[in-house]
Amino acid sequence: MKKIAILMSSGVESASLAYHYLSKGFLVHPLYVRSGIGWERVELWWLGRLWSFYRKRFGRILPVRVIPFGAGLGPSDASREEGLEIPLRNLTLIVSSALVACRRGVNRLAIGSLGIYPFPDNNREYLSRVEELVSEGLREEFRVETPFMGLEKWEVIKEFYGKVPYHLTFSCASPAGRHHCGMCAKCRERKEGFKKAGVPDPTYYLS
């Protein structure tokens, strides 16, 4: 059976990423890197619900492995897209996950990056260099897959709407309880994605 590790949170892209591979018959190893960012507790709660949905539907998804990474870095200003940058975010996610994946005998890791943010680590060229360095350090080929790179959020939503349980996804930088605040940059991006896709937004926003 084909197998792949995926970086899985509870956002639109990672939920779609999980469906993408599960629907193709992969055995999915979901990994979550926890680094002390404020929204992680709520994100993990929603991830548990999302995981349960996929487990019941496909069965071929292993329990989520939470990987501690104690850097504690977070976005500088969640109200602006530019302020959402987390330094070295993709590098730390990939390196931390690659070690766990390889110990499980998995040499493929998928990440749901779109490449829409102008951050230095958010493009295919950068990730290809990381892929090469990780492979060199592990002394074996390790692939970093980005099947959604180059797409807009609305394109991902339109492609997977009706297949992915978007009502169980969560992506908010300033959650109020377990709900989307409706005002941060992540919430605004989410609203715009559903609007551009021309489909109903199943998300509950506080404002």
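At a glance:
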| read-out | value |
| --- | --- |
| Top-ranked residue of the range 157-171 - restricted to ones that are surrounded by 22 or more Cβ atoms within 10 Å (Cβ to Cβ) and modelled with pLDDT of 95 or more, ranked as farthest from LEU17 (Cα to Cα) | PHE170 |
| Pair list, Cβ under 7 Å, 6 or more apart: the range 22-51 residue closer than 21 Å to GLY177 by Cβ and hydroxyl-bearing (Ser, Thr, Tyr), other residue crowded, with 20+ Cβ neighbours inside 10 Å and modelled with pLDDT under 95 | TYR32/SER9 |
| Residue in the range 54-83 that is modelled with the lowest pLDDT, counting only those that are part of a helix (DSSP H, G or I) and surrounded by fewer than 17 Cβ atoms within 10 Å (Cβ to Cβ) | GLY83 |
| Whichever residue in the range 5-27 is buried (at least 20 other Cβ atoms within 10 Å of the Cβ) and assigned to a strand (DSSP E or B) and, among such residues, is farthest from the chain's Cα centre (by Cα) | ALA5 |
| Selection count where residues are of a type in the set (Lys, Arg) and in contact with a Leu (Cβ under 7 Å, 6 or more places away or on another chain), scope the range 147-169 | 1 |
| LYS191 free of Cβ contacts under 8 Å to residues at least 40 places away in the same chain and in a helix (DSSP H, G or I) | yes |
| Residue count, the range 101-151 (criterion: within 18 Å of PRO30 (Cβ to Cβ), surrounded by 13 or more Cβ atoms within 10 Å (Cβ to Cβ) and not basic (Lys, Arg)) | 15 |
| Top-ranked residue in the range 184-207 [being among the hydroxyl-bearing types (Ser, Thr, Tyr) and touching a helix residue (DSSP H, G or I) at 6+ places or on another chain (Cβ under 8 Å); ranked as surrounded by the fewest Cβ atoms within 10 Å (Cβ to Cβ)] | TYR205 |
| Matching option when the condition is β-branched (Val, Ile, Thr), part of a strand (DSSP E or B) and at pLDDT 95 or above, among VAL144, VAL106 | VAL144 |
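The values are calculated or read from the model by the stated rules, or taken from the named source; none is laboratory data. Because the structure is predicted, anything quoted here is derived from the model rather than measured. Positions of Cβ are backbone-derived with ideal geometry, glycine not excepted, and every protein chain shown enters the neighbour counts.
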